1. For segment 26-35, check the following and say yes or no: at least one residue is without any contact (Cβ under 8 Å) to a residue 40 or more places away in the chain and touching a Ser or Thr at 6+ places or on another chain (Cβ under 8 Å).
2. Would you check if Gly64 is modelled with pLDDT of 90 or more and surrounded by 10 or more Cβ atoms within 10 Å (Cβ to Cβ)?
Amino acid sequence: MTAAPVSSVSDEGDYHETDWQQVAIFGAGLALGLALGAGAALLTAPQSGEETRAALRGRARRIGRTTSRRSRDAWAELRDELQSAKTALRRRRAKRAADRSLQRELEREATA
């Protein structure tokens, strides 16, 4: 079987004619390949579709629980860090106030 010419020249310039027979052969081959591949996948699948969906649901639940737990842990750590920072800030302020009070007391004694 010989293929028809794919391109021809006209007065307006170059253009390509589509060889629809070749396109049909390609499409049929593609469809056959997809069908054979899907059939092979179904025949060699280790589990049924229902088992696969159940396994995926279980995995999604585990990931959800893990993510939720890690999120709670992260928020707890953040809360603890903020509490520590707040306590340290209060201590620094109290120390500065005590230092200022002591400085004023020393100045009063020096002037007296």
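The values are calculated or read from the model by the stated rules, or taken from the named source; none is laboratory data. Note that the structure is a prediction, hence the values are computed from the model and not measured. Glycine gets a Cβ as well: all are built from the backbone with ideal geometry, and neighbour counts include every protein chain shown.
1. No, every residue in segment 26-35 fails to be without any contact (Cβ under 8 Å) to a residue 40 or more places away in the chain and touching a Ser or Thr at 6+ places or on another chain (Cβ under 8 Å).
2. So Gly64 fits the description; yes.
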